[in-house]
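Only one structure is covered here, and it is reproduced in the block below.
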């Protein structure tokens, strides 16, 4: 899904407070104010002035080190020249570390800087001649000990032909020679959790939904009728599943087609999501995942991410649940609303199992450890099969297995749906954080009426082989392995900044390793000609045993290497319905597919 993410703590009272902010601000005193200029947008530079009232002697400001992804990305690296003023008087600015500055002065202090951003995708910020997409924490400093104070943002000099939308933020539009848009929030964290889109876009309300849901769409290669239908079904089902909407209104910011630059996927926020996909064919799965984050991660959040710390890594063992089980509910939503057939549902789950079982690291990295190591995902080496598994993938599978076990133990009277609803009432509605995997297990045990300690020890905290045959059999399903053989060259390679093909990894004891190919070798020739543009496409036309002659530059030497293609055997998995499943198993299977909990004694129509 490529939905690497994080939550923002937001109480139900705070959500309601968005729309009534002006009256609250009047009694709370002056707000911290940001003035952001977009002119000229083609230079990709935001000019920011931060007005901080009521300063006594000095104030410290910071720029976040991370946001939107579990990666330290040091947004201060984008900054240009930090200055400070009291009125017209320049004030001394002392940089304390890579993201912190101290300003000495009294009264209202203005901190001014410019920040360059031209990165597409929902996890970044972009300003160009076509639009601006802003994740506020990436461009706006904050006062560490005043994050709870009210904030205002005035986005100035917006081109006349552009619109702007800030999701759940209070918006005040002003007309003039160029347009200004004012955004207000109860505190910095709420502002940071509300992306802003400005540019030429289409905006519409999704029909048939209350509270309202709107779409703000920038780009091409999408069909309004399809997007409307997808969103209507997804939102209506998930709100019904979780027994009510936790928002006054919700916004989908979507970049389609040529506008979907940078990393694809989606990023959840308290009352909105940002999604970037090439076409509407890829939209429904991402939308279902991101919308379910309204509950799982935004309201139901682990204590290890509470409160948010913008300055450093926040380690948690709960992403298998926060992200992986959300993946499971995306697939549940699609099959239960008819956007997927049950064959597509089985195919998707089989693909997740194939991906997990095909990774060597599955033998030693648990779901909890994968969650803990999320901060390593920015390193290509970590993402190799032998180094890691995905908490998205393993969590989705664990969610399905746990769902079946709960249904089996309760004769299909309870399910994982009840676990999510119970956690929403106990933690989300009360603005309490849960204790990583522990409270997930305890809630599941309360719903099912029995212990899941062994399941969590073996498969969530541990790395024992998952009990596919046993558990899927309880739902009248069986997992069938399918072997596929293909030629193997024994190494992976990629282009460097100069366009040269460089060996990135070599399979231990593979044909390339035995022939003497080494990491960082530069391949200068391939069977006497230029190296292929796509190694995968080239291998597709080859056979085991074919000879390959490589010209290699290693340090300051040119050498020749000859090898013969080997063969890899990949195992893929398919889920199929058992033809002679028991009555209870059929009920459980139908419960998964339809989202129902009917006891075995009842018939399914």
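The values are calculated or read from the model by the stated rules, or taken from the named source; none is laboratory data. Model, not experiment: these values are computed from the prediction. Neighbour counts are summed over all protein chains in view; Cβ atoms, including those assigned to glycine, are modelled from backbone coordinates with ideal geometry.
Odds and ends about this structure:
- Residue match in segment 44-61 (condition: more than 16 Å from residue 112 (Cβ to Cβ), assigned by TED's automatic domain parsing to the domain that holds residue 106 and surrounded by 22 or more Cβ atoms within 10 Å (Cβ to Cβ)): no
- Test for residue 547: is it over 30 Å from the mean Cα position of the chain (by Cα) and over 30 Å from residue 517 (Cβ atoms): no
- Checked against the criterion of being touching a helix residue (DSSP H, G or I) at 6+ places or on another chain (Cβ under 7 Å), assigned to a loop (DSSP other than H, G, I, E, B), modelled with pLDDT of 95 or more and closer than 20 Å to residue 287 by Cα, segment 379-388 has no qualifying residue.
- Within segment 369-391, the set of residues being more than 19 Å from residue 66 (Cβ to Cβ) and buried (at least 24 other Cβ atoms within 10 Å of the Cβ) comprises 389, 390.
- Filter pass, residue 326 being farther than 23 Å from residue 570 by Cβ, part of a helix (DSSP H, G or I), under 16 Å from the mean Cα position of the chain (by Cα) and not assigned by TED's automatic domain parsing to the domain that holds residue 70: yes
- Residue within segment 222-230 that is on the phi > 0 side of the Ramachandran plot, over 18 Å from the mean Cα position of the chain (by Cα) and surrounded by fewer than 22 Cβ atoms within 10 Å (Cβ to Cβ) present: no
- Matching residues in segment 527-549 - criterion: being more than 25 Å from residue 569 (Cβ to Cβ) and either in contact (Cβ under 8 Å) with a residue 12 or more places away in the chain or part of a loop (DSSP other than H, G, I, E, B) (or both): 527, 528, 530, 531, 533, 549
- Residue list for segment 469-523, restricted to those being out of contact with any helix residue (DSSP H, G or I) (no Cβ under 8 Å at 6 or more places or on another chain) and in contact (Cβ under 8 Å) with a residue 60 or more places away in the chain: 480, 481, 482, 483, 484, 485, 504, 505
Quick grid of which residues meet (1) touching a helix residue (DSSP H, G or I) at 6+ places or on another chain (Cβ under 6 Å); (2) farther than 30 Å from residue 355 by Cα; (3) in contact (Cβ under 8 Å) with a residue 60 or more places away in the chain:
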position: 553; (1), (2), (3): no, yes, no
position: 563; (1), (2), (3): yes, no, yes
position: 590; (1), (2), (3): no, no, no
position: 593; (1), (2), (3): yes, no, yes
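- Filter pass, residue 301 being over 19 Å from residue 403 (Cα atoms), touching a residue at least 60 places away in the same chain (Cβ under 8 Å), touching a helix residue (DSSP H, G or I) at 6+ places or on another chain (Cβ under 8 Å) and surrounded by 24 or more Cβ atoms within 10 Å (Cβ to Cβ): yes
- Exactly one residue among 320, 340 is touching a helix residue (DSSP H, G or I) at 6+ places or on another chain (Cβ under 7 Å), surrounded by 20 or more Cβ atoms within 10 Å (Cβ to Cβ) and either outside any helix (DSSP H, G or I) or without any contact (Cβ under 8 Å) to a residue 60 or more places away in the chain (or both), and that residue is 340.
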